[in-house]
1. Roughly what angle does helix 41-58 make with the longest principal axis of the chain, taking Cα atoms, 0 to 90 degrees, to the nearest 10?
2. Show me the ranking of peptides 141-148, 183-190 by mean Cβ neighbours inside 10 Å, starting with the highest.
3. Expressed in nm to one decimal, what extension gain is obtained for the pair residue 176 and residue 41 from 0.36 nm per residue of sequence separation less their Cα-Cα distance?
4. Cross-chain or 8 or more residues apart, Cα under 27 Å: how many lysine pairs in the chain fit that? Count them up, please.
5. Under the rule of -39500 (n - 2.57) per DSSP H run of 4 or more residues, summed and divided by the residues of the chain, what mean residue ellipticity at 222 nm is obtained, to the nearest 500 deg cm²/dmol?
6. Quick one: Karplus J couplings for segment 159-172, per residue in order, coefficients 6.51, -1.76, 1.60, θ = phi - 60°, nearest Hz, x for Gly and Pro?
7. For the peptides 82-93, 36-47, what is the packing order when you average, over each peptide's residues, the other Cβ atoms within 10 Å and list the highest mean first?
8. If each residue of separation counts as 0.36 nm, what is the full-extension length gain between residue 55 and residue 193 once their alpha-carbon separation is subtracted?
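The values are calculated or read from the model by the stated rules, or taken from the named source; none is laboratory data. All figures in this text were calculated on a predicted structure; none of them were measured in a lab. Positions of Cβ are backbone-derived with ideal geometry, glycine not excepted, and every protein chain shown enters the neighbour counts. Accessible surface is based on the protein model in full, side chains and every heavy atom, while ligands, DNA and RNA are left aside. Shrake-Rupley method; radii C 1.70, N 1.55, O 1.52, S 1.80 Å.
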Amino acid sequence: LGITTLANAFNIIDGLNGLSLGTTIINLLFIFLISMKVHDNFIQNLCLFLIFPFITIILFNFPIARLFSGDAGAYVMGICVSVASILLAENNNSVNPFCSLLIIIYPLYECVRSFFRRLFAGRRIDVPDNFHLHSLIYKYLQNKINIKFANPIASCSILILPFLCSLWSYIYNDQQYKLILGIFIFVMIYEILTAIILKILSSYKI
């Protein structure tokens, strides 16, 4: 269930140059660092094996996209990150399961939130829309800067979230209460950002 959900989650965030690839690289990098911290050689080797192809691809996808991963590529990213994060917690008793959850919270929350947002709005849950956080930030930047740069800048802005969540997970990988606190902080930041940007965009009549 976790692997399937995260595969779809990475497909949902695959809307800007380098966003899904960047999230994948950040997630795998910090899983690698945590595995070094707990001396798990298997996870270290797994992350190294997985991360280098994505680093190669992002060179052609960001900041200007000359190569796209597509739906299949996004699914592969989600599967790789989910397997690595599950194994990290399963194979190491010193790593709290909430550590893995916090690492993947950005794509996971985007997926779950999109499902319920569409459901409560009476829309089909399988029909794409432009109300994801990355879509809203992109729309906002389109009205502020050159449209050519709006895409990569929006992507970099969003990547701060998975980076900070993964960093928090690395620092507090064995402290459950602090990891849960990190999840709540992320949700609050996400919702506040969404509310602010929606309010600004509504003033533009977008």
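1. Its long axis makes an angle of about 30 degrees.
2. Order by mean packing, descending: 183-190, 141-148.
3. Length gained, residue 176 through residue 41: 46.2 nm.
4. Lysine pairs meeting both conditions in the chain amount to 8.
5. Roughly -25500 deg cm²/dmol at 222 nm, from the helical runs in the chain.
6. 4, 4, 5, x, 5, 5, 5, 5, 5, 4, 5, 5, 5, 10
7. Output ranking for 82-93, 36-47: 82-93, 36-47.
8. Working it through step by step, the gained length comes to 46.8 nm.
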